[in-house]
1. Across region C:134-183, how large is the tail of the calculated P(r) beyond 15 Å, expressed as a percent of all Cα pairs?
2. Let's test the formula: R0 of 25 Å, r as the Cβ-Cβ distance of A:THR57 and B:ASN209. What FRET efficiency results, to the nearest 0.05?
3. So if R0 is 22 Å, what FRET efficiency would C:TRP250 and C:ILE12 give, r being the distance between their Cβ atoms, rounded to the nearest 0.05?
4. Measure off 7 Å from each Cα along the Cα-to-Cβ vector at A:ASN99 and B:ASP365, then give the distance between these two points in nanometres to one decimal.
5. For region C:34-111, how big is Rg over Rh, using alpha carbon atoms and the Kirkwood form of Rh?
6. What distance in nm separates the two pseudo spin-label positions at C:VAL157 and B:TYR471, each 7 Å out from Cα along the beta-carbon direction?
7. Beyond 21 Å between alpha-carbons counts as too far, so tell me which of C:LYS235/C:LYS271; A:LYS151/B:LYS225; B:LYS92/B:LYS160; B:LYS109/B:LYS301; B:LYS301/B:LYS357 fall in that bin.
8. Helix hunt in chain C: which complete DSSP H runs extend at least 20 Å axially by C-alpha with mean Kyte-Doolittle at least 1.0?
Amino acid sequence: MSTALPLYAQLINLFAAVILLLAFAMLAQRRVLLLIDLFALQGFTLFLSTLVVAVKTGQHHLYWSAGLTLLLKVLLLPWILHRLVRKLQIKGEVEPLINIPTTMLVGIGLVIIAFNVALPISQLSHTITRGTLGIALAVVMLAFLMMITRKKAITQVVGFLSMENGLFLAATSATYGMPMVVELGIALDVLVGAIILGVFFFQIRDQFDSLDIHHMERLKDN
Amino acid sequence: MLDMFVVMLAIPLVSGALLTVFGERAWAPNLNIIASGGTFLAAALLTVEIVTHGPRFAFGEQFFIDSLNIFFVTLTAFVGLTTSIFSGPYMKNEAAHGRLTIPRLRLYKSMYQLFMFTMLTALTTNNLGILWVAMEAATLTTVLLVSLYRTPASLEAAWKYFILCGVGIAQALFGTILLYFAAERVLGETGNALLWTYLVNAKAFLDPNIMALSFIFLLVGYGTKVGLAPLHNWLPDAHAEGPTPVSAVLSGLLLNVALYAILRCKVLADGAIDGNFAGNLMMGFGLFTLLLAAFFLSRQKDVKRMFAYSSIEHMGLITFAFGMGGAVANFAGLLHMTMHSLTKSAIFFAVGHATQKTGTQMMEDIRGLIRINPLIGWGLMLGTLAILGMPPFGVFASEFMILTHAMKYHPWATPVLLLALGVAFAAIFGKVQPMVFGETEAKRLPHAPAITPVFLHLAIVLMLGLYIPPYLTRWFQEAARMLG
Amino acid sequence: MMISLSGLLGQIFSIALALVLAPLLTGWVGMCRAWLQSRSAPPLLQPYYMLRKLFNKDVVLAHGASSLFRVAPFVVFGCMVLACAIIPSLSTNLPLAPAADALALVGVFGLARVFIALAAMDIGTSFGTLGGRREMLIGFLAEPALLMVIFTVAMIVQSTSITTIVETLGHRELAIHPSLAFAGIAFTFVSLAENARVPVDNPATHLELTMIHEAMILEYSGRHLALIEWAAALKLYAYSCLGLALFFPWGIAGGDSFLALLAALPLLLLKLVIGGSVLALIETVSAKMRIFRAPEFLGTAFLLAVLGLLVRLLLELKA
């Protein structure tokens, strides 16, 4: 038994665990607005963990990255999503395709797979917080699960963004940050993507009278 | 002296911005064509420079042009040019039919140029992170292009495209992060750990376990964009519901660029992992895709959907070829990529005009193209024959090379290949033949279609089938050698 | 093993403390709930008044009641006193400490549950049977979750003895265990269900469609009912002390001297006051869920505990 981990590593591990916890909470969440709040909370935890890594390693671009996370994922995107939900008068329920307990069980299975995949790899890393790689992979997979088991377009988008959170966690905690230019590019893509999706919501609602992607089953191979 | 590389990237970026602002002016369609022409000219001059002086960097070490990607750059710029020529009258006809408004046309042109910019960036960047960013940006621009008609079907197609490719590209990002994770241990925590030129020198020292996992994620991720099964679902929808020029560039360019990304990563994975791990994976995915697409072909009713499945099929074949590896198979793969790009975009040009004339994409309602417009009819017929691998077209040469190579080194795959190609042949030919011949009463279009690109492409395909110029062979060989 | 006199005294003191504090804790939670819901609060000693009233009343037995029905309140009460005695609330060095195995504790709770459910079915009224069946359903789901929580914590100290857990976690340098976050939330879920608190059951309701615990004890009266109510209070106290011991073990004395126990008392009181108000807050902000949602709720608790275990394996175990 060793508890010789330095404090910052313990903090990063804790934040990573909280992010995983929030990913599960999102999977279990039935109300759209609360789902968005959970996403914002996840973003905030990601911001904290990035900040800890930045303080520890003293890499300047990580401060930028943390700031971007705070701005985009905690403030801007949740705000946009909240506005969309209100403007489009989306009904509060999330409407899963598979019932939620089953989804959670599948989720646990995914976490086990992710941990197993990441374990041999993370042991090769020289960073102390290498365990977070498995958590990041699990978050990505859980977000993916959320995307394929929910009917509403907006939950799919939240799942997509949460997936991005998992990827950022991998990038910051496990490798102490990608090169600056790459992180900027990724952030830009996410932002533009979210805006395009926002525009899309209005068009989808105009055309289908609903944001339920259940209606979008016309295109099939017959 | 003017740096042709900078010019090549600047033209689509600047003209894309200009078209966003001035896209509703009367001269805008011409600007689109002129910009594409300028890009192609710059790319051609850059090619000459690379061929004579060898590989070079640009913008520090962030961009790198060697004989592998310059080949894709030229192809991209060329198809970009011909598609812009084709789309001039095509889009005017769409507007005349009331399917598109003026602001939509502006969106189309600006997104088209930005799409070209992202493609060229993805091809020339040395930084695997920027490669990812450019691929994602390409997705975003094409999502807007696919949803251009704003019909329920096109929105559905664009949504599916966005979500599937978004998921796929997220996997690719995870793969990239893992790659960085592996590289950082060798190259240190510098900004160089994602630069391909550094990675390729250090590839033997990268950890094989991490690289294996990383390559799986990269293959699945970028493979989604290539259209590899089972994540190919977006491709037929996006091709069928977007405007035809977009279908042409999706099939002709985007799939190639995604495959190029996989090839770059394969080189690194091969260097790190013993045995043909990456190649076997690619062969498996390729064969599965090929077979699946071939059987879906016969069930199609929509002409653009059918040719989209044909693109999936060919991408599977190409992936298989690169999976086999070695100088001959790589050569054949590169050749087949070229041939497929040119032929498939030519087919989409012809199909675009045909569907405009008949006002439908349903194959059973399209009849007698040869009577309405013999050039379109013959264009479609010849293009179909070419894509099906009939001699003397170039597709025959590359498919022949792939098949013989497979027979020699992977005989188990031969029956599958032959079966898939046979099924595809029967399905496509049986459906195109009555479309070209037969009775019809279609009307004239308000704007004369642009036939030149169709026959220009087909002529090149025919020429390359009969005779590949020696400098082109050398160039292909060099690129094939780089792939290992 | 020789039991020292001071140890014996300490043990008696801690049991007596549990008997006294348990109704107070229930009263405190009731007060906090009332405040949070802007009602005028019942006095803190309300549970005592109720107990006194019930002890003074005569027992009315149903016609079909067997001896099981009469014995059950005493067994349940005894189980809860035993549970409170072995959970280290003040000190880890009391005579009963070696018995404080977490698995045994779960067994003690299970024994009490079986008796009360059997007694509820004994009379043969429909409400009793319904309540008993529901109670068993909850227990059936809550116990595995509780066990997983205990395993997660036990993996950190490599022992299922609660005293060892407290000693190891409480008396060494501060280390953050992310797995404990998962286990803590799962434990909260389980405690809410086991103590018939709001998201799962409502201790203040007599609405036949929703009640679980109250349905089982409808037929009890007089001192039997008093014992059962007291046992319920003791169970809440036991769970609170268990939670505090597992997740906030600081301040629990290591010795068995009377002074050490007295020194540990203020901190325990403070922790209980805070814990009680948190419980009241949870009960106020959450809505009572349908009985059919309870399996999902407890399933979530189980999954969280499993996650905690997995996180522990991934993050905290180093080769």
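1. Tail fraction, whole percent: 53.
2. For A:THR57 and B:ASN209, the calculated efficiency is 0.50.
3. 0.30
4. Spacing of the two 7 Å Cα→Cβ label points: 4.5 nm.
5. Using Cα coordinates only, the ratio equals 1.11.
6. Spacing of the two 7 Å Cα→Cβ label points: 8.0 nm.
7. Correct reply: A:LYS151/B:LYS225; B:LYS92/B:LYS160; B:LYS109/B:LYS301.
8. Values: long enough: C:5-36 (45 Å, 1.58); C:67-86 (29 Å, 2.11); C:102-122 (30 Å, 1.99); C:126-157 (46 Å, 1.35); C:178-194 (24 Å, 1.42); C:222-247 (38 Å, 1.04); C:258-285 (40 Å, 2.22); C:294-311 (25 Å, 1.98).
Correct list, ordered by number: C:5-36, C:67-86, C:102-122, C:126-157, C:178-194, C:222-247, C:258-285, C:294-311.
Each reported figure results from applying straightforward, stated rules to the coordinates on display, with no laboratory input. Fair warning: this is a prediction, and the values are worked out from it, not measured in the lab. A quick note on method: Cβ atoms are made from the backbone with ideal geometry, for glycine too, and the neighbour counts reach across all protein chains shown.
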